[in-house]
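Scroll down for the structure; my scribbles are underneath it.
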Amino acid sequence: MPNPLQQLTQLGQSAWYDFITRDLIRSGELARLIKEDSLRGMTSNPTIFEKAVAGSSDYDEEIRTLAQAGTSPEGIVEALMVADVRAASDVFRPVYDASGHGDGTVSIEVSPTLAFDTQGTIDAARRLWKTIDRPNVMVKIPATEAGIPAIRQCLADGININITLLFSIDRYKQVIEAFKSGLEQRTAAGLPVSTVHSVASFFVSRVDGQTDAELAKAGDRGKSLVHQLAIANARVAYQIFGNSLLTPRWQALAAKGAKAQRPLWASTSTKDPSLPDVYYIESLIAPDTVNTIPPDTLRAYADHGKPEVRITPASELAAAAMLAAYDKLGLSPLADRTAFLEADGVKKFSESWSALLDRVNQKANALAA
């Protein structure tokens, strides 16, 4: 009988791994997860890389070599990330080919310090795409105001893009528009769109962290919405995704071979210890979606997950009603909470990036000596 992760694949949801280390790839563990647990892709971010470099000596020899060659800390970090993502992409290549290129991708993020720099983001994405030189790589660009035009241009360039740090419904609508516009720009230039792939990474549990704190101010009036709004927010996003595929505009692109930009559920580990450890995984199972899962949550789901499609038309209506009910409580608007989360997400990734540079610089100086 298929295990719960394999069953997710059968239900149309792809489990990706929100984790990367050199040892994971070299030890064969990544290949095992692909074979035995139907792992379908991988994502990374500055926080994950900072922990990987800090917690292992696997990178020391390469850091030493690059430092002795006079490479800057930024150059060393990019070289380490590129090497890991390229190696992981090669392991996932059979999945990419067998899935018709929808899965089997590995994501690498542009520097979070570029989150408010449109042209800098475009330049970085182009450089990473060219340097890694793998068709099953996705470059992650945050869904900030400056990131939206960068997303559009990079898709027009034919670069696979994973839109990250997406929290609000309104911003998601802008992402969908950028996706379609980028592909339309590409078709207008006579270029193919069938090879361009994208996902929109909608962050989940962090929304509850914000709204639950607000709901506590409403007392009994807000109790029924506690631990509910993050899932409701994501379910409404899924409804918007489905509706976007019904438009003549999308159908014209699909007729040219364009592939849908699937919603990807991110930040799905459970932060509140009072909730089940697979709470956000179970609640957001639906066809044509991705869930990027950290190691502990992946193991938990493989052990005791109960896969079943849980985003249905009825649940979408209930989700919209929950968001409306929250608005009527007169608390801090959800739009303000998600705007804070976007800014805070950029801040936290920037701090991890800075910590990663510092860690590499310290190691480089010690090893070069």
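The numbers here are math on the coordinates, done by the rules we state, and not lab data. The model shown is predicted, which means the values in this text are computed figures rather than measured ones. Backbone-built Cβ (ideal geometry, glycine too); neighbour counts: all protein chains shown.
All conditions but one from (1) without any contact (Cβ under 8 Å) to a residue 12 or more places away in the chain; (2) closer than 17 Å to Arg134 by Cα apply to Asp90; the one that does not is (1). Remark: Arg126 falls outside the filter, which requires a residue to be under 24 Å from Leu356 (Cβ atoms), touching a Ser or Thr at 6+ places or on another chain (Cβ under 6 Å) and touching a residue at least 12 places away in the same chain (Cβ under 8 Å).
Quick grid of which residues meet (1) small (Gly, Ala, Ser); (2) loosely packed, with under 15 Cβ neighbours inside 10 Å; (3) more than 23 Å from Ser111 (Cα to Cα):
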residue: Val309; (1), (2), (3): no, yes, yes
residue: Ala324; (1), (2), (3): yes, yes, yes
residue: Asp327; (1), (2), (3): no, yes, yes
residue: Glu342; (1), (2), (3): no, no, no
residue: Ser354; (1), (2), (3): yes, yes, no
residue: Lys363; (1), (2), (3): no, no, no
residue: Leu367; (1), (2), (3): no, no, yes
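Residues in the range 130-147 that are free of Cβ contacts under 8 Å to residues at least 40 places away in the same chain, hydrophobic (A, V, I, L, M, F, W, C) and buried (at least 21 other Cβ atoms within 10 Å of the Cβ): Val139, Ile141. The condition of being in contact (Cβ under 8 Å) with a residue 24 or more places away in the chain, farther than 16 Å from Thr9 by Cβ and not aliphatic (A, V, I, L, M) does not hold for Pro276. Quick one: in the range 202-235, which of the residues that are surrounded by fewer than 18 Cβ atoms within 10 Å (Cβ to Cβ), within 17 Å of Ser283 (Cα to Cα) and not hydroxyl-bearing (Ser, Thr, Tyr) is nearest to the chain's Cα centre (by Cα)? Only one residue tops the list, namely Gly209.
Selection of the range 284-307 for residues being buried (at least 22 other Cβ atoms within 10 Å of the Cβ) and among the polar types (S, T, N, Q) yields Thr289, Asn291, Thr292. Of the numbered criteria (1) assigned to a helix (DSSP H, G or I); (2) closer than 23 Å to Gln13 by Cα; (3) among the acidic types (Asp, Glu), the one Asp103 fails is (1). Among the residues of the range 254-287, those that are among the charged types (D, E, K, R), more than 15 Å from the chain's Cα centre (by Cα) and farther than 15 Å from Leu229 by Cβ comprise Lys256, Lys259, Asp277, Glu282.
Yes or no, residue by residue, for (1) hydroxyl-bearing (Ser, Thr, Tyr); (2) on the phi > 0 side of the Ramachandran plot; (3) under 15 Å from the mean Cα position of the chain (by Cα):
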| residue | (1), (2), (3) |
| --- | --- |
| Val95 | no, no, no |
| His101 | no, yes, no |
| Asp123 | no, no, no |
| Ala150 | no, no, no |
| Phe167 | no, no, yes |
| Asp170 | no, no, no |
| Ala188 | no, no, no |
| Ser198 | yes, no, yes |
